[in-house]
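Coordinate-derived values only; no laboratory data. Everything quoted here is computed from the prediction, not taken from an experiment. FYI the Cβ positions are ideal-geometry reconstructions off the backbone, even for glycines, and counts take in every protein chain you see.
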Amino acid sequence: MAIQLKNDENNVTEAAENKPVGAGFDPNDPESKFRGGLGDGKVDIDKINDLPAYTAPPLMNDEGSGVMSGSERRSLIYKIVGGVILLIVCILIYKGVFYMTGSGGKDITEELTKTEDEIASDMKIKFEDNEAKVRAIPSYSYGKVTVRSGKDLNVVYVADKQVGVNTDSRNYRFFEVGINEPWKQAQGSMSYKYDDCIVVANDILEGNSDSYFYFNEKNNDVFVLTVNKNTARVVNMTYFTDYKRMTETLQ
């Protein structure tokens, strides 16, 4: 009686395991045609047409991706450079306008009655003879006027006696008044207490200025503002400790 062993999907007979690869293969057998594995190399055209079509990956577009293109970077650079130039121009214009209309400086009123040595010590200034500044002093004294200058500050002497302090620099203020300040504004805001004022036309600015002598009779001192006639602004200021001496020729 013959016994036949039954094969299933999970069991392989010893005969099948020992069967040579390719044994029983017939290239003419329709069942041996290519089905995605080994075969005779023939492929049905219908099966090729059934393959999915190749789709290339989409091209990357820089726009909207957060990455700037070359033209966008250049445009941004031009805008930044233009903005910087505009800012510089605005600053220069502001400084120019301020220079033409503004006034500043440190108020040194408390130094005006001190000696040259005391002023030099307090303000760290070295004073030297300055004959060129004599013409800028609104003096109407019979005595000889001499000037010693340092850091745009001038100490005034008459007959070798110190009589006052002068400046035409925006670095300083006398009695809360500064150079280039509108005269009307200066007259209204000055802290100097005066009894009266006399006006003298002079040639400090080649005949184009007037000097206003604000004097205090009790203290016998005087605060002098020289004002440009065209701009009506303070261009020179002097404090004298001896009003009568400095206005001798006007009496």
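General remarks:
- Average Cα contact separation per residue, the stretch 106-250, under 8 Å, 6 or more apart, as relative contact order %: 22
- Extension gain for K244-N171 works out to 23.4 nm (0.36 nm per residue, less the C-alpha to C-alpha distance).
- Phi-based couplings in Hz for the stretch 79-85 (Karplus 6.51, -1.76, 1.60; Gly and Pro marked x): 5, 5, 4, x, x, 5, 4
- Rounded to the nearest Hz, the phi-derived 3J(HN,Hα) couplings of the stretch 191-199 under the Karplus curve 6.51 cos²θ - 1.76 cosθ + 1.60 (θ = phi - 60°) are 8, 5, 9, 10, 8, 7, 9, 10, 10, where x marks glycine and proline.
- A crude spin-label estimate for the pair L87 and N219, with each label 7 Å from Cα along the Cβ direction, gives 4.7 nm.
- Near G164, the amide H atoms lying under 5 Å from its own belong to V156, T241; only residues 5 or more places off or on other chains count, and H is placed 1.01 Å from N.
- Cα-Cα separations in the stretch 106-250 greater than 22 Å, expressed as whole percent: 32
- Only Lys, Arg, Asp and Glu carry charge here, each on its Cβ (+1 for the first two, -1 for the last two); on that basis the stretch 106-250 has a dipole of about 240 debye about its Cα centre.
- Approximate spin-label separation M123-K151, in nm, with each point projected 7 Å along Cα-to-Cβ: 0.7
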